[in-house]
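The values are calculated or read from the model by the stated rules, or taken from the named source; none is laboratory data. Only a predicted model underlies this, so the values are computations on that prediction, with no experimental measurement involved. Neighbour counts are summed over all protein chains in view; Cβ atoms, including those assigned to glycine, are modelled from backbone coordinates with ideal geometry.
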Amino acid sequence: MSKQERVSWVSLIVTLAIGGWYFSRVLGLPADADLHFPLARFVTQLVVLAVVISIAGEIALRLVERVAGQTPDDSPADERDAQISLKATRNAHGVLGLGVVVVLVQIAQLERLRRPADSPSTVLEALGAGPLTPLLVAQLLLLALTLAALTAHVSRIVYYRRGC
Amino acid sequence: MAPTSIRNQIRRLRFENGEMTQQQLAEAVGATRQTIIAIEAGKYAPSLELAFRLAGVFRVGVEDVFQNEAPGV
């Protein structure tokens, strides 16, 4: 496994762990929760979590390679790595663009179909009931960014494994 | 993701040139060992520049290293 592929695996695990943890926390908050304070606390915890998972993931992958009898390849990136990175970035860009369009459509729809009688109990329900506050829009955009990042990592891994 | 239609003789040429390893060939052409593995397996078609560097290592022409199996060519 090349260094770049190993980095992609670690990044995928980190993004899945942190994204899953973050959205499971935020989307479960009460709909009327003030997101400012939770967000500031979450970001701090996320940074620590990202560093710990990255280091642990790198160590784990190196151990797996050694157990399998392989020598970790730490060569610098070459043209194949650059091509794979370019294709993965293009895929992520497409997902991000689609995510932004979906958010814009959601904002427009909820404004048009405003139902004041609805009383969402959680942030997740509030995203579907509307109207969307700036902080809720930020959560949707963050979700789009996370999905785009996951697309990039998965794309790289697929291209490294199956060819491009 | 479909493999490339370019066939190559790199593995044979490596063995004919002092049983060169993939790592040695990678270092000689400025690529990673993983890229050499992918090229040999037909999972990656190198750039023109890398193809010429590979041919140069074995002191043969590019056509002696790579052959195009695409239909109509």
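A few notes on this one:
- Yes/no for B:E27 being within 17 Å of A:P76 (Cα to Cα) and not hydroxyl-bearing (S, T, Y): yes
- Residue check for B:R7: exposed (fewer than 14 other Cβ atoms within 10 Å of the Cβ), under 24 Å from A:K87 (Cβ atoms) and either more than 14 Å from chain A (Cβ to nearest Cβ) or out of contact with any helix residue (DSSP H, G or I) (no Cβ under 6 Å at 6 or more places or on another chain) (or both): yes
- Selection of region A:117-164 for residues being within 14 Å of chain B (Cβ to nearest Cβ), in contact (Cβ under 8 Å) with a residue 24 or more places away in the chain and not in a helix (DSSP H, G or I) yields only A:C164.
- Once region A:66-116 is narrowed to residues that are assigned to a loop (DSSP other than H, G, I, E, B) and more than 30 Å from B:I36 (Cβ to Cβ), the residue that is modelled with the highest pLDDT is A:L113.
- Of all residues in region B:34-45, at least one satisfies being polar (S, T, N, Q), surrounded by 15 or more Cβ atoms within 10 Å (Cβ to Cβ), out of contact with any His (no Cβ under 7 Å at 6 or more places or on another chain) and within 24 Å of A:E5 (Cα to Cα).
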